[in-house]
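Worksheet for the structure shown next.
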Amino acid sequence: MKIKINIRPHTAKEEFDYILHLLKQSAFFKKNNYTIELPKHPVFLKLVQKPPKLGRFCKADLFDLFQKEIYNPDFFKQGISLLKNYQSMFKKAIPRFIQMNKKWGFKIFPEYKVFLTRYGPGGAYYPHEGWVIMMLDVDGTFKKTENPGETIIHEIVHIGIRKNIVDRFNLDHYEKERLVDLICILKFGDLFPNYFIQQEVNKNIDSYVNSTSINQLPQTMEKYVTDFAR
């Protein structure tokens, strides 16, 4: 099976819609201690204080302002160039996705679309579409991570375990994040030996997931949720 990882920037409309999505999800980000980047334009700063409930006309005017005064397609050129350096990493990772799919149902897509954005919490994923979103810093680089290729793999792992593991076993946010980190370390650690490990997670799962049990992850997680009842 051939799998592609295609990378491109958000269009102006996609970027605008993503900003509105971020604003509507502001309560979630605040609850989980995420800092999000949003446009510094005065009009958008007002919307940060009060998430938008926009009518069609108001939304159209806001998009027109965004397109004329904020969005710059040239901003993404450096990020696109930087990610070209990770093509060999992606080629090595893809067979491992396929292997996990065959062993225990890791969800894979024939094509993953990676969209670059100026806004958001850093990285995001859409499990039903196979989409990943990567945030660029103000200078067009990935300052929040030394290895942006690592972030893309991390988000693809999120997509891969969403239905068969996270939803099936009702894992909470901190269990999910720890499990993704463990999979990244155990399956892809040689590709990024300096992998960033999140600290605000649930580490109860650590004693269940190892280099052997990860090959039967549904059975492993079934034991975990039996011991740590939902």
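Assorted remarks:
- If the condition is being touching a residue at least 40 places away in the same chain (Cβ under 8 Å) and part of a helix (DSSP H, G or I), then region 102-129 contributes 103, 104.
- Members of region 110-121 that are of a type outside the set (Phe, Trp, Tyr) and within 24 Å of residue 91 (Cβ to Cβ): 110, 111, 113, 114, 116
- Residue match in region 133-142 (condition: outside any loop (DSSP other than H, G, I, E, B), of a type in the set (Ser, Thr, Tyr) and within 16 Å of residue 115 (Cα to Cα)): no
- In region 55-77, residue modelled with the highest pLDDT [restricted to those that are of a type outside the set (A, V, I, L, M, F, W, C), assigned to a helix (DSSP H, G or I) and surrounded by 14 or more Cβ atoms within 10 Å (Cβ to Cβ)]: 67
- Of the residues examined, residue 151 is not one that is under 20 Å from residue 34 (Cβ atoms), modelled with pLDDT under 95 and either assigned to a loop (DSSP other than H, G, I, E, B) or not assigned by TED's automatic domain parsing to the domain that holds residue 193 (or both).
- If only residues of region 162-182 that are in contact (Cβ under 8 Å) with a residue 60 or more places away in the chain and part of a helix (DSSP H, G or I) are counted, the one that is surrounded by the fewest Cβ atoms within 10 Å (Cβ to Cβ) is 173.
- Of the residues making up region 150-169, just one is in contact with a helix residue (DSSP H, G or I) (Cβ under 7 Å, 6 or more places away or on another chain) and more than 17 Å from residue 130 (Cβ to Cβ), namely 169.
- Residue check for residue 36: in contact with a Phe, Trp or Tyr (Cβ under 7 Å, 6 or more places away or on another chain), in the same structural domain as residue 71 (by TED's automatic domain parsing) and at pLDDT below 90: yes
- Single residue of region 161-177 satisfying the filter (touching a Gly at 6+ places or on another chain (Cβ under 9 Å) and not hydrophobic (A, V, I, L, M, F, W, C)) that is nearest to residue 114 (Cα to Cα): 163
- Failed item, numbered, when residue 229 is tested on (1) of a type in the set (Gly, Ala, Ser); (2) over 19 Å from residue 114 (Cα atoms); (3) crowded, with 21+ Cβ neighbours inside 10 Å: (3)
The values are calculated or read from the model by the stated rules, or taken from the named source; none is laboratory data. Only a predicted model underlies this, so the values are computations on that prediction, with no experimental measurement involved. Cβ atoms come from the backbone with ideal geometry, glycine included; neighbour counts cover every protein chain shown.
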